[in-house]
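The values are calculated or read from the model by the stated rules, or taken from the named source; none is laboratory data. These numbers were taken from a predicted model, which means no experiment stands behind them. Counting neighbours? That spans all protein chains shown, and the Cβs are built from the backbone with ideal geometry, glycine included.
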Amino acid sequence: MTLFRNKIWLSGLAAFALTACESGVNPEAMSLESAPVASETRGSSSARGAPMADAIVMAAPEPMSARMSPRGKRGVVTAGDIDDTLNLAAFSRYQAGAAKELKLPRVNLGGMVAARLVSGDGAPVAGMAYTLTKMGASQPFHTGYSGVDGVITAFPAALGASAPREVMLKVFDRGVQVSGDDLRTGSTTMPRLVVPKTEGWTPDFMDLTFVFDTTGSMGDELAWLTREFKGIVREAKRAAPGVDIRFGLIAYRDDGDLYKVKNFGFTKSQPEMQNWLRSLDASGGGDYPEAAAEALEAAVAMQWRRGKGERIVFHIADAPAHDSKAKRFLAAASKAAAQNVQIFGLGASGVGKESEFLMRQAALVSGGRYMFLTDDSGVGHAHAEPTISCYRVTKLKDLLVRVLASELSGQRREASGGQVIREVGNYNRGICAE
């Protein structure tokens, strides 16, 4: 029965892929803050078409109470999210406290750069190319594009550039410099920098990779979860009609399983993606941590396209990397940031504090978000409450559509009033008022 149930969710993801298909930094120079290695057992909390060794996993930490099964129903799974990029001060406090409590390493946020690009009339400007250079240096240490609503965040220490007190931010339009500003680093506020208004953000492509656990621990809830994916990309693509999409796939388990990581590479082929998914089943695992570090490393090493486009990883998990490999997990996230690859973590049922801590850091340093399932649907196993002060609960499908539509359009998409099931704290367009 376990194998049958898990093939249901893999088939659901195949249906999602089918629908969707229709419609200069040195990455080795990363810096992490270390922490003592804790126990692995926690009771409380390529070539295209050629599979390769090493990828990502998820697993359940402890027995969880069963809930009603809505087999066959769609749209029932609920979720929330936190955009820590918009809540840098709160995240800094959370990171310090969680690292001490969990005895896990943390990404070095030294030299943090934060800014928001706007036009003369105050409208946000997304998709502007920019460089960051240490004062007095001849070459930039990072090159990127302004994100949703014109936001720029970068963490020089995590990018291998130590922690400068000041940097030069240069902004370019079609290769021509249009702005240059000296920025003091380390502030959690976002100064508004005026740049010439452009025609708007229209990405040339989207590379979208799924990194997920194929151990047996995800169970029925992934069957419910993957039903939410059907049609998500089709709906999100309305924000950027005609965008060229490639899909990537990485499956992972853990040491001692049939495989640790399978990297299928990228494909534009609808039948090929479907065949990859159909070749997988879910089994193995057995303990809490999984091979998440190796999986994320495999994702970052894929042949991502460069230039004006979206590079997105969806990491779906309910278990962290092994404690001894947590630094590798965070180093992989920093490498992703250096390549302008964004990581969006999704904590499934049973996700513990360790998973939340590592996944939120990976999302922040790469410009993504941390998403999490909630109990509001009344189905599946119990879901842990995240360590955040505000969020909105909607259907998972609606959340994922908004995330992709925001990235593709360059404008943050919020839930409409009728979509909001529950609200926690004082929420204002992703910002938690303190």
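A few points about this structure:
- Residue that is farthest from residue 338 (Cα to Cα), among those in the stretch 114-163 that are of a type in the set (Phe, Trp, Tyr) and touching a Leu at 6+ places or on another chain (Cβ under 9 Å): 130
- Residue match in the stretch 147-164 (condition: surrounded by fewer than 17 Cβ atoms within 10 Å (Cβ to Cβ), touching a helix residue (DSSP H, G or I) at 6+ places or on another chain (Cβ under 7 Å) and in a loop (DSSP other than H, G, I, E, B)): no
- For residue 236, the conditions (1) outside any loop (DSSP other than H, G, I, E, B); (2) crowded, with 22+ Cβ neighbours inside 10 Å; (3) under 20 Å from the mean Cα position of the chain (by Cα); (4) modelled with pLDDT under 75 all hold with the exception of (4).
- Top-ranked residue in the stretch 126-138 [being among the aliphatic types (A, V, I, L, M) and touching an Asp or Glu at 6+ places or on another chain (Cβ under 9 Å); ranked as farthest from residue 178 (Cα to Cα)]: 135
- Against the test of being at pLDDT below 90 and either on the phi < 0 side of the Ramachandran plot or in a helix (DSSP H, G or I) (or both), the options 382, 326 yield a single qualifying residue, 382.
- Some residue of the stretch 216-229 being modelled with pLDDT under 80 and either touching a strand residue (DSSP E or B) at 6+ places or on another chain (Cβ under 6 Å) or among the β-branched types (Val, Ile, Thr) (or both): yes
- Filter result (modelled with pLDDT under 95 and either among the acidic types (Asp, Glu) or over 24 Å from residue 210 (Cβ atoms) (or both)) within the stretch 390-418: 398, 416, 417, 418
- Residues of the stretch 360-375 satisfying the condition of being closer than 17 Å to residue 407 by Cβ and either of a type in the set (Lys, Arg) or part of a loop (DSSP other than H, G, I, E, B) (or both): 367, 368, 369
- Against the test of being among the charged types (D, E, K, R), modelled with pLDDT under 95 and within 27 Å of residue 402 (Cα to Cα), the options 149, 121 yield a single qualifying residue, 121.
- Long-range neighbours under 6 Å by Cβ, at least six apart or interchain, first residue small (Gly, Ala, Ser) within the stretch 117-133, second modelled with pLDDT of 95 or more and assigned to a loop (DSSP other than H, G, I, E, B): 119/125; 126/146; 126/410; 127/410
Yes or no, residue by residue, for (1) more than 19 Å from residue 365 (Cα to Cα); (2) of a type in the set (A, V, I, L, M):
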| position | (1), (2) |
| --- | --- |
| 144 | no, no |
| 159 | no, yes |
| 190 | no, yes |
| 203 | yes, no |
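- Checked against (1) modelled with pLDDT under 95; (2) within 23 Å of residue 128 (Cβ to Cβ); (3) in a helix (DSSP H, G or I), residue 308 passes all but condition (3).
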